[in-house]
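Participant: Handing you a structure now.
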Amino acid sequence: MKKILEDAKHLIMADKVLAEFTVSADGDELHLLKGDESFARLIRVDDNAQWRIEYFHNLKRWERIDFTGSLAACLELLSESPHYLYWDG
């Protein structure tokens with residue numbers, strides 16, 4: 001997980017939308033944070049090369065985004081759809 005976390009940090013720092021976030025590992029999950037608040041998490045799926053995305057909806061629950069892809073593809077989706085990175089309402 002250490003290598004994956006370092007890869008994620010590099011991808012996030014290179015993206016102007018995601019650069020304001022930090023990433024941390026929690027078990028097999030990666031969490032995108034702003035300060036100490038989680039906004040999105042990436043969870044490995046069965047084959048471990050693919051990831052799925054969940055975002056924290058209305059400060060109440062994790063909501064799954066209907067997308068599975070590589071780590072880079074998931075981060076690209078979050079960058080292109082920044083509304084998943086901010087609390088609703």
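Participant: Search the range 10-26 for residues being within 20 Å of Q50 (Cβ to Cβ) and assigned to a helix (DSSP H, G or I), and hand back the single one that is most open to solvent (accessible area, probe 1.4 Å).
Facilitator: Per the criteria, the residue is H10.
Participant: What are the residues in the range 28-45 that are over 13 Å from the mean Cα position of the chain (by Cα) and at pLDDT 90 or above, if any? Let's see the steps before the verdict.
Facilitator: Taking the range 28-45 and keeping what is over 13 Å from the mean Cα position of the chain (by Cα), we get 35-36, 45.
Residue satisfying the conditions is V45 alone.
Participant: How many of the residues making up the range 28-43 are open to solvent by less than 60 Å² (accessible area, probe 1.4 Å) and either among the basic types (K, R) or out of contact with any helix residue (DSSP H, G or I) (no Cβ under 9 Å at 6 or more places or on another chain) (or both)? Give the steps one after another, and end with the answer.
Facilitator: Residues of the range 28-43 that are open to solvent by less than 60 Å² (accessible area, probe 1.4 Å), as a first pass: 29-33, 38-43.
Now narrow it down to the ones that are either among the basic types (K, R) or out of contact with any helix residue (DSSP H, G or I) (no Cβ under 9 Å at 6 or more places or on another chain) (or both): 29, 31, 33, 38, 41, 43.
Number satisfying all stated conditions: 6.
Participant: Quick one: F21 ticks every box in (1) in contact with a helix residue (DSSP H, G or I) (Cβ under 8 Å, 6 or more places away or on another chain); (2) without any contact (Cβ under 8 Å) to a residue 60 or more places away in the chain; (3) aromatic (F, W, Y) bar one, so which box is it?
Facilitator: The failed condition is (2).
The values are calculated or read from the model by the stated rules, or taken from the named source; none is laboratory data. Worth saying up front: this structure is predicted, and the values here are computed from it rather than measured. Heads up, the Cβs are rebuilt from the backbone with ideal geometry, glycines too, and the neighbour counts pull from every protein chain shown. Quick note on the areas: whole protein, heavy atoms, side chains included, nothing else; ligands and nucleic acids left out. Shrake-Rupley method; radii C 1.70, N 1.55, O 1.52, S 1.80 Å.
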